[in-house]
Amino acid sequence: MTDNNISMDISEIQAPEKTDTVVPSKVFIVPYRDREPHKVVFTQIMPYILGDSNYRILFIHQQDNRPFNRGGIKNIGFHYVKKTWPEHWKNITLIFHDIDFLAFKKDQFSFDTKHGEINHFYGYQHTLGGIFAIKGGDFEKTSGFPNIWTWGLEDNVLKERAIAIGIKIVYPQFLHAQHNTKNIIALWHGWDRLINPDIGIQKIHYNIDSLWTMKNIEWHEEKIQDKVWMINVTNFEVPITTNNQAVKNATVQNSRINRIFKSWRSVRTNNIPRRRGGGLLLKWGKK
């Protein structure tokens with residue numbers, strides 16, 4: 001699965017200490033940074049939704065000062081699972097789950113799949129974002145996400161990689177992000193997403209940038225509550241560095257956009273939960 005021209009230090013990652021003796025059948029991988037209010041709500045609602053099922057929730061927390069790397073952080077979630085349950089990871093169902101969307105009721109999603117299929121529960125069908133389930137063995141076969149700095153394309157690339165190797169994407173319980181707002185809980189956090197408008201240089205690495213191009217990954221784990229862990233990622237290296245001009249351009253442009261948006265919000269007179277299109281919208285963040 002690895003390119004002979006790529007140096008790979010993944011095998012050097014130290015397996016974390018065993019946190020318990022039960023092997024989960026489902027592991028939720030939640031990319032995380034600076035979303036404390038969302039984490040509080042997530043850790044209250046998800047245990048209720050999941051009940052007594054055999055699961056783990058992992059918040060994969062990028063702790064450094066670099067731009068957020070969603071693809072890399074989700075890849076690290078997989079590496080953690082593989083190192084923690086080395087004899088079982090292939091059959092564990094991985095649920096990649098955005099922190100700002102939650103099921104509205106119990107049994108809305110199965111949060112499960114089978115080998116050879118990706119079960120997409122929420123998001124947009126042209127990409128693999130939102131909420132979806134994939135077996136650990138299948139995720140490794142795809143080579144995972146590209147490690148793109150800032151936000152953009154990593155979900156699209158994973159879908160293309162899955163289809164290219166014959167993994168089927170199914171939608172038996174799918175909710176479209178635009179048309180099913182009444183059936184999902186959305187946690188709003190403002191327009192502070194760092195979007196990269198010029199990712200051409202990063203796209204050059206499409207065919208090689210993956211699980212296998214990550215090096216020097218370091219983390220420490222912290223138990224939040226029963227079945228819920230924070231995996232604090234303190235270091236990782238990928239081929240594209242944050243000195244890349246496209247990343248710098250995105251940082252400057254989004255800084256300007258965020259300042260404009262925050263100025264606009266300052267004239268708003270309320271910051272209370274509200275409904276949008278029939279759906280529950282919980283609004284967070286500073287004015």
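Other residues within the sphere of radius under 12 Å centred on the Cβ of VAL30, judged by their own Cβ, net out at +4 (K and R +1, D and E -1).
Overall shape: rounded for the range 71-165, with the ratio a/c of the largest to smallest alpha carbon gyration tensor axis below 1.5. Label separation (ILE49 vs GLN63): 2.7 nm, computed from points 7 Å beyond Cα along the C-beta direction.
Ordered by the number of other Cβ atoms lying within 10 Å of each residue's own Cβ, fewest first, TYR80, TYR48 fall into the sequence TYR48, TYR80. Summing Lys and Arg as +1 and Asp and Glu as -1 over all other residues whose Cβ lies under 14 Å from the Cβ of GLY137 gives a net charge of +1. How far is it, in nm, from the label point at ASN91 to the one at GLN178 when both lie 7 Å from their Cα along the line to the Cβ? About 4.1 nm, to one decimal.
Going from the fewest other Cβ atoms within 10 Å to the most, the residues LYS83, LYS141, LYS223, LYS135 appear in the order LYS223, LYS83, LYS141, LYS135. Counted by Cβ distance under 13 Å from LEU128, the other residues give a net charge of -1, where Lys and Arg count +1 and Asp and Glu count -1. Each residue in SER210, SER25 was given a count of other beta-carbon atoms within 10 angstrom of its own, and listing them fewest first yields SER25, SER210.
Throughout, read-outs are computed from the coordinates displayed, never taken from laboratory work. All values derive from a computational prediction rather than experimental measurement. Because the Cβ atoms are built from the backbone with ideal geometry, glycine has one as well, and the counts that use them run over all protein chains shown.
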